[in-house]
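I have placed the structure first, in the form of structure tokens, so that the comments after it can refer back to it.
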Amino acid sequence: MFQIVTGVAVGAVAITVAAAASCYLAAAALGRPWIGWAAIPVASIVVTVSEIAGISWWVGLAGFAAVLVVVGVLRRAQIRPLTAQGLAMLGFSCVAVVAVLVAPRLGLVLAGVALASHAAWDYVHWRRNTVVPRSLAEFCFVLDIPFGVAAIVLAIVG
């Protein structure tokens, strides 16, 4: 709500969508739905430490995702969820990175669309009750739609 009231920043929306995707990937890699919740502060720490270290946040999250995939492979996680979450992480994160690299208004639209479309990903997981707890999918759904739509609207109205 603070972001929506004070002006949505492209970086904040982009980080939100990439971090959300990393939470799903963490749960799939470790085979424990509750890990999705635990990954929220971990992803936040990865972003913060990356920025403090002078590394772009997306490089930090990419490293986090790579570690999760390796851990998932080593622990022989279920291949379909791990692959789906890995591809989702790649797709959502690529759009998020492009969003921060293009013109600000276009970037805000791209990041907003990525975040709002992540709500569809949340819904699929909520409906199937897979990968993450339903409570996390619901939380993300409630976060993704208003924040994503607000980014799009603010980009359009300037």
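Readers should treat all values here as calculations from the given coordinates under stated rules, not as data from a laboratory. Please read these numbers as outputs of a predicted model, since none were measured by experiment. Quick reminder, even Gly has a Cβ in these numbers, built from the backbone with ideal geometry, and neighbours come from all protein chains shown.
Structure above, values below:
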read-out: Kirkwood Rh in Å, taken over the chain so that all alpha-carbon pairs contribute; value: 15.4 Å
read-out: Table column - 3J(HN,Hα) (Hz), region 54-67, Karplus curve with 6.51, -1.76, 1.60, x for Gly and Pro; value: x, 9, 4, 4, 6, 5, x, 5, 5, x, 4, 5, 4, 4
read-out: 3J(HN,Hα) from dihedral phi, region 120-134, Karplus parametrisation 6.51/-1.76/1.60, rounded to Hz, x for glycine, proline; value: 5, 4, 4, 4, 4, 6, 5, 4, 7, 6, 10, 6, 10, x, 4
read-out: Cα-derived Rg over Rh, computed across region 68-158 with Rh taken as Kirkwood radius; value: 1.06
read-out: Highest-first arrangement of 42-52, 13-23, 121-131, where packing means the average Cβ count within 10 Å; value: 13-23, 121-131, 42-52
read-out: Förster-model FRET efficiency, 25 Å R0, residue 134 and residue 103, C-beta, rounded to 0.05; value: 0.10
